[in-house]
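What follows is a set of notes on a single structure, which appears directly below.
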Amino acid sequence: MPTNAEAGGAVTNGGAAANGGAATNGGTVAAGAAGTLTIGGDLVVNRIGYGAMQLTGAQVWGEYPDRDAGIALLREVVAAGVTFIDTADVYGPHANELLIRDALHPYPEGLVIATKGGFVRGGYDYSTLGAVGNPNYLRQSAHMSARRLGVERIDLYYLHSGRAADAPFEEQIATLAELREQGLIRHIGLSNVTLEQFRTAQGIVDIAAVTALYNVSNRAGVEQVPTSRAGAELLAAAEASAVVFSPWHPVSIADGGDPDRITAALEPIARRHDATVRQIALAWQLHRSPVILPIPGTTSPAHLRENLAAAALRLTPEEVATITALVPES
């Protein structure tokens, strides 16, 4: 499986846009313009998904303040051709999953909703965030997510963190494998794990997806979260295993600490394509690897359309190489 951009465009399964097409700032190009990829061998989704985390209160705590607008945005997401929505039980907590159900249930055929369990949150302050790996807690979390989402089986369920210290990591994965065998989970994913944990999990059960920090400004992760430092390593491992890699902060240009330099490098490319810098950052993700499934999040319909328009951008191999070389891959 190729690890770098192919000549002339992203490696997809039937992208709709012609090579060389531009994605303008106000574009309404559907999410399917970049083609599709397959999760776990049977879930086919368009290559730009939607991360719903921002549809909560401040600091991802509490209800989204404009519930009607949140419902309208989620419906626009699906109407625009997005077939993959990412959420988690800790977003709110719980409020994000409930909002998705209120907006979209009964779900249209082909829509995949991924959620996560394993984090707990004790209040507004981020210092109250912790990781729990107790098998009974993980079982409860998965059952309750299914109930809130209104599904009998969760298409993709992530262990939200590899940092829980109250149970061995292997036991946590075995718990999810048991839930998969019971039919509550269709496919298992991993979030915020090390490369070693990824490989350990693969030795226990099939892993369909992995998510980590990876973007134009940061490929190694964040130092204050040691288990997410393996962005580029996890991408390479995902490619080798035909596992979907879903980068978080996919359009960020500030995670590496030098946004001015990143912006300066991307601006001339953006001008050539009549696009924004963040559209170029998103298009680079699609060109970077055929297993990448970015999940940009927004609360703005205009920004949603802007993100989806990036699916039609066709960067040249030279442009992709220039962006890839901006920061180290390790």
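The values are calculated or read from the model by the stated rules, or taken from the named source; none is laboratory data. All values derive from a computational prediction rather than experimental measurement. Virtual Cβ from ideal backbone geometry, glycine too; neighbours counted across all protein chains shown. Surface areas here come from the heavy atoms of the whole protein model, side chains and all, with no ligands, DNA or RNA. Shrake-Rupley method; radii C 1.70, N 1.55, O 1.52, S 1.80 Å.
Assorted remarks:
- Cα long-axis angle, helix 135-149 against the chain (0 to 90 degrees, to the nearest 10): 60
- Exposed GluC sites (Glu not before Pro) absent - longest run of the chain, DSSP non-H/G/I/E/B, at most 11 other C-beta within 10 Å: 1-108
- Between the Cα long axis of helix 259-272 and the first principal axis of the chain there is an angle of about 50°, rounded to the nearest 10.
- Accessible-area ranking of 145, 127, 300, 241, largest first, probe 1.4 Å: 127, 241, 300, 145
- Pair residue 178, residue 206: separation of 7 Å Cα→Cβ label points (nm): 2.2
- Helix 169-182 and the long axis of the chain differ in direction by around 90°, with both axes built from C-alpha atoms.
- Accessible surface of the chain [probe 1.4 Å, protein heavy atoms]: carbon and sulfur percent: 50
- A crude spin-label estimate for the pair residue 111 and residue 54, with each label 7 Å from Cα along the Cβ direction, gives 2.0 nm.
- Taken along the Cα-to-beta-carbon direction at a fixed 7 Å, the label points for residue 325 and residue 166 span 5.0 nm.
- Charged-residue dipole, Cβ positions (Lys, Arg, Asp, Glu), the chain about Cα centre, Debye nearest 20: 300
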